[in-house]
Amino acid sequence: CLTMSVAGELTQAGSPPTRLDTTCLIVMDEIEGQGHQIVASQITIAVDADADDDAIAAAIERGDAGCPFSTLLRKAGVDVTIARA
């Protein structure tokens, strides 16, 4: 979801990516009375696009804001972090 969202943002900005690699690590923990729950999501995204670092960072930020899965996780209280590889 995030990969597609970032690709769309870069394309709209005139710098369609030639490659996006996204890795997501989900952290689960036992929450009292709720069983095992996702408590964190650590995402790393590598971007190959004809754009400067600021434009890529902005596309990632907008892509994250528009990603339904990231939004769902945050609303559930999950700590979501995104880093650029």
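The values are calculated or read from the model by the stated rules, or taken from the named source; none is laboratory data. Just so it is clear, the model here is predicted, and its values are computed rather than measured. No Cβ is skipped: glycine too gets one built from the backbone with ideal geometry, and neighbour counts run over all protein chains shown. Heads up: the accessible areas ignore ligands, DNA and RNA and are worked out on the full protein's heavy atoms, side chains in. Shrake-Rupley method; radii C 1.70, N 1.55, O 1.52, S 1.80 Å.
Values for this structure:
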read-out: Where the chain is the region considered: accessible area per residue in Å², 1.4 Å probe; value: 64
read-out: Portion, in percent, of the accessible area of the chain that falls on carbon or sulfur, probe 1.4 Å; value: 52
read-out: Two-site FRET efficiency, residue 85 against residue 12, from Cβ-Cβ distance with R₀ of 25 Å, rounded to 0.05; value: 0.65
read-out: Antiparallel %, DSSP beta bridges [both residues in the chain], to 5; value: 70
read-out: Simple Cβ-charge dipole of the chain, Lys/Arg +1 and Asp/Glu -1, about Cα centre, in debye nearest 20; value: 240
read-out: Where a label projected 7 Å from the Cα of residue 50 along Cα→Cβ would reach, residues of the range 7-25 with amide N under 18 Å; value: 7-20
read-out: Most mobile of 31, 45, 56 in a GNM of the chain (Cα contacts under 10 Å); value: 31
